[in-house]
1. Quick one: 3J(HN,Hα) in Hz for the range 142-159, Karplus 6.51/-1.76/1.60 with θ = phi - 60°, rounded, Gly and Pro as x.
2. For Tyr96, Tyr137, Tyr128, what ranking results if the residue with the fewest other Cβ atoms within 10 Å of its Cβ goes first?
3. Name the long-range amide H neighbours of Trp87: under 5 Å, sequence gap of 5 or more, or other chain; modelled H, no Pro or chain starts.
4. From the square roots a ≥ b ≥ c of the eigenvalues of the alpha-carbon gyration tensor of the range 75-208, which class results: rounded (a/c under 1.5), prolate (a/b over b/c), or oblate?
5. What does the C-alpha gyration tensor say about the overall shape of the range 149-209? Classify as rounded when a/c is under 1.5, otherwise prolate if a/b is larger than b/c, or oblate.
Amino acid sequence: MYRFRLLCVALLLMLSSCSTIEAIFGPDEPVAPAENQQLASENQQLGTEVAALRESLKQVKQEIADSKAASSPQAEEDQAAPTDRLWVTVSFRSGYMELTRESRSALKRLAEKFLSKPRAQTIEVRGYTDNEPIGGYPGHRHTSRHPYQTNMALSHARATNVAQALIAAGIAKDVVRAVGFGASNYVADNTTDAGRQRNRRAEIHLVRN
């Protein structure tokens with residue numbers, strides 16, 4: 001619509017300019033004083049019309065610029081955002097990779113928020129575990145609740161489950177990436193229950209391309 005209006009105004013402006021030039025120079029043969037006065041009056045009127053057309057052209061250009069700016073405010077905001085930003089953290093119980101019902105509900109709301117605005121970002125889910133070996137320590141062994149043999153594999157499974165929940169909530173597959181980082185030192189004291197619990201997590205990062 002804007003392009004059509006811009007073309008029309010430019011065409012009228014060109015035609016008006018041509019008429020003004022013809023009115024100024026006129027035919028080669030001599031003209032009577034009365035005709036000169038009429039030509040001067042017509043030339044003045046054409047000049048007014050040309051000025052109005054130029055103002056209209058300026059307004060159309062401004063409307064196009066305003067429309068483009070209003071169409072992607074979130075994209076501009078994302079361009080100014082950090083390249084990598086931690087958005088949300090999902091916690092896991094010891095030895096578990098499954099999401100709780102509460103976590104799934106929270107991820108669904110998070111996906112809706114992500115999809116509510118156009119973005120220039122993708123999502124990277126980073127999985128972690130605590131530093132306890134799979135199956136426990138010598139003398140304190142236990143049966144794992146999962147089939148994985150390493151913390152790296154378990155951390156990747158946690159990240160994958162979070163990513164799949166986001167995809168199931170409507171986010172495109174090519175926007176979400178899952179990565180496992182194994183045992184985490186997020187909390188220096190990995191010997192307490194509280195410290196280990198904070199290390200059993202998946203982080204959802206917004207990554208600007």
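1. So the Karplus estimates, Gly and Pro as x, are 8, 7, 5, 8, 9, x, 8, 9, 9, 5, 4, 5, 5, 5, 5, 5, 5, 4 Hz.
2. So the residues, fewest neighbours to most, are Tyr137, Tyr96, Tyr128.
3. Hits under the 5 Å cutoff: Ile204, His205, Leu206.
4. Judged from the Cα gyration tensor, the range 75-208 comes out prolate (a/c at least 1.5, a/b above b/c).
5. prolate
Here, each number is a calculation from the coordinates, and none is a lab measurement. Predicted model, so just to flag it, every value in this text is computed and none were measured. Here the Cβ is made from the backbone with ideal geometry for all residues, glycine too, and neighbour counts use every protein chain on show.
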